[in-house]
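**Q** So that we are looking at the same thing, I have put the structure below in structure tokens.
The values are calculated or read from the model by the stated rules, or taken from the named source; none is laboratory data. Not measured: the values here are computed from a predicted model. In this analysis, Cβ positions are derived from the backbone assuming ideal geometry, glycine residues included, and neighbour counts consider all displayed protein chains.
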Amino acid sequence: MAKIIDGKKVSSDVKNKVAQQVLKLKEMYNKVPGLAVVIVGNDPASRVYVNNKKRACDMVGFYSEEYALPEETTQEELMSLIEKLNNKENINGVLVQLPLPKHLNESAVIEAIKPQKDVDAFHASNVGKIMIGEYSFLPCTPAGVMELIKSENIEVEGKNCVVIGRSNIVGKPMAMLLLHNNGTVTICHSKTKNLKEICKSADILVAAVGKPKFVKSDMVKEGAVVIDVGMNRDENGKLCGDVDFKEVEPISSYITPVPGGVGPMTVAMLMKNTLTAFKIQNHI
Ligand code: GUN
């Protein structure tokens, strides 16, 4: 039987700490961190994520602005909004919800965000800083995973860590953070041979593939720590992760559920990053 890591509880602890600091900052400087969230188009999942981000801002006491732009927004319109937000005094973090509609150039948009306000840590300059271990922000989902691992005092040093998935948002930075913590890291992807065997060698297995119930019990070592970054719908339309929880839970030592595992952590770490951005911009 695995210990189920409670992402709701850990994320709530992170947000409470941020909220306490916001109160102090308000008292001392008479201002609070501000986050601008931009969403383009009508993707229902993105809408839910953006609503969660807004709710978290209210909970921790941030100022927030939301820009919901129509699907047909042009590159120029979006770039000019980012420029405006880059220069806005009361906005410390700028987040453009991804994915963007196909006609928009996602990487140009990310690169247009001022690195000091890039609370997603997607800008090439922030990604580079993560590579060399000298960063101000960590991307929210991998940072949230590390927080979950730390909340249970799970040792990463010297462990075989396997990350399934190589996205810029999760897989690649996740591998880097595990490496910074002295894990021995393997990244698997759709072209990996012997995927099952490699996953079975993992002491810590992070699934970020985007395929419902992809990780089965024959891919997991007895006693492994299993972290599920997936957010999918199963054949009945029910929310599920990349891990077949029912099969894998009995053989793992720790496991994150979906929902209630990594998901809430992403938003909590965004709050933490926005607070950091505010402090840096105000030389605090
Ligand atoms: N889409 C899925 N995850 C994320 C995220 O962490 N940040 C942004 N901006 N978009 C996302």
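**Q** Looking for something over 22 Å from Met271 (Cβ atoms), of a type in the set (Gly, Ala, Ser), within 15 Å of the ligand (Cβ to nearest atom) and in a helix (DSSP H, G or I) - is there at least one such residue anywhere in region 192-211?
**A** Within region 192-211 (the criterion being over 22 Å from Met271 (Cβ atoms), of a type in the set (Gly, Ala, Ser), within 15 Å of the ligand (Cβ to nearest atom) and in a helix (DSSP H, G or I)), the answer is no, since none of the residues qualifies.
To keep it simple, each residue is scored yes or no on (1) free of Cβ contacts under 8 Å to residues at least 12 places away in the same chain; (2) aliphatic (A, V, I, L, M); (3) surrounded by fewer than 19 Cβ atoms within 10 Å (Cβ to Cβ); (4) more than 11 Å from the ligand (Cβ to nearest atom).
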| position | (1), (2), (3), (4) |
| --- | --- |
| Asn86 | no, no, yes, yes |
| His123 | no, no, no, yes |
| Cys140 | no, no, no, no |
| Val145 | no, yes, no, yes |
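**Q** Please count how many residues of region 36-60 are among the aliphatic types (A, V, I, L, M) and more than 16 Å from the chain's Cα centre (by Cα). Talk me through it step by step, then tell me what you get.
**A** Step one: list which residues in region 36-60 are among the aliphatic types (A, V, I, L, M), which gives 36-40, 45, 48, 50, 56, 59-60.
Remaining after also requiring more than 16 Å from the chain's Cα centre (by Cα): 36, 38-40, 59-60.
So the answer is 6.
**Q** Which residue, of Leu104, Leu69, Leu78, Leu35, is of a type outside the set (Gly, Ala, Ser) and in contact with a Cys (Cβ under 7 Å, 6 or more places away or on another chain)?
**A** Numbers: Leu104 fails: in contact with a Cys (Cβ under 7 Å, 6 or more places away or on another chain); Leu69 fails: in contact with a Cys (Cβ under 7 Å, 6 or more places away or on another chain); Leu78 fails: in contact with a Cys (Cβ under 7 Å, 6 or more places away or on another chain).
Criteria check complete, one pass: Leu35.
**Q** Looking at Val162, Val185, which is the one that is β-branched (Val, Ile, Thr), over 30 Å from Leu100 (Cα atoms) and more than 15 Å from the ligand (Cβ to nearest atom)?
**A** On the way: Val162 fails: over 30 Å from Leu100 (Cα atoms).
The conditions single out Val185.
**Q** Follow-up question, since we're still on this one. Quick one: how many residues across region 166-208 are within 14 Å of the chain's Cα centre (by Cα) and more than 21 Å from Lys129 (Cβ to Cβ)?
**A** 3
**Q** Exactly one of (1) within 14 Å of the ligand (Cβ to nearest atom); (2) farther than 26 Å from Asn30 by Cα; (3) surrounded by 13 or more Cβ atoms within 10 Å (Cβ to Cβ) is unmet by Leu81. Its number?
**A** It fails just one condition, (1).
Residues checked against (1) more than 16 Å from the ligand (Cβ to nearest atom); (2) closer than 17 Å to Cys140 by Cβ; (3) at pLDDT 95 or above:
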residue: Ala175; (1), (2), (3): yes, yes, yes
residue: Ile251; (1), (2), (3): yes, no, yes
residue: Tyr254; (1), (2), (3): yes, no, yes
residue: Val258; (1), (2), (3): no, yes, yes
residue: Thr266; (1), (2), (3): no, yes, yes
residue: Met269; (1), (2), (3): no, yes, yes
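Conditions (1) touching a His at 6+ places or on another chain (Cβ under 6 Å); (2) among the aromatic types (Phe, Trp, Tyr); (3) under 28 Å from Ala121 (Cα atoms); (4) touching a residue at least 24 places away in the same chain (Cβ under 8 Å), marked per residue:
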| position | (1), (2), (3), (4) |
| --- | --- |
| Pro212 | no, no, yes, yes |
| Glu222 | no, no, no, yes |
| Val225 | no, no, yes, yes |
| Gly237 | no, no, no, no |
| Asp242 | no, no, yes, yes |
| Thr256 | no, no, yes, yes |
| Gly261 | no, no, yes, yes |
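**Q** Considering Glu247, Glu235, which residue is assigned to a loop (DSSP other than H, G, I, E, B), charged (D, E, K, R) and either modelled with pLDDT under 95 or away from the ligand (no atom under 15 Å from the Cβ) (or both)? Even if it seems obvious, please write down each step before you answer.
**A** Details: Glu247 fails: assigned to a loop (DSSP other than H, G, I, E, B).
None of the other options fit; the residue is Glu235.
**Q** Among the residues of region 33-44 satisfying the criterion of being touching a residue at least 12 places away in the same chain (Cβ under 8 Å) and surrounded by fewer than 20 Cβ atoms within 10 Å (Cβ to Cβ), which is nearest to the ligand (Cβ to nearest atom)? It would help to see each step written out before you state the result.
**A** Step one: filter region 33-44 for residues touching a residue at least 12 places away in the same chain (Cβ under 8 Å), giving 33-43.
If we keep only those that are surrounded by fewer than 20 Cβ atoms within 10 Å (Cβ to Cβ) as well, we get 41-43.
Working: Gly41: 13, Asn42: 15, Asp43: 9 Å.
Among those residues, the one meeting the criterion is Asp43.
**Q** Let me ask something additional. Which one is nearest to Asn168 (Cα to Cα) among residues in region 88-114 that are away from the ligand (no atom under 14 Å from the Cβ) and of a type in the set (A, V, I, L, M, F, W, C)?
**A** Ala108
**Q** Something else: Here are some conditions: (1) within 24 Å of Tyr254 (Cβ to Cβ); (2) away from the ligand (no atom under 12 Å from the Cβ); (3) crowded, with 19+ Cβ neighbours inside 10 Å. Lys117 meets all but one. Which one does it not meet?
**A** It is condition (1) that Lys117 fails.
**Q** Right, next: So, Asp242, is that one under 30 Å from Glu106 (Cα atoms), in contact with a Phe, Trp or Tyr (Cβ under 6 Å, 6 or more places away or on another chain) and surrounded by 15 or more Cβ atoms within 10 Å (Cβ to Cβ) or not?
**A** yes
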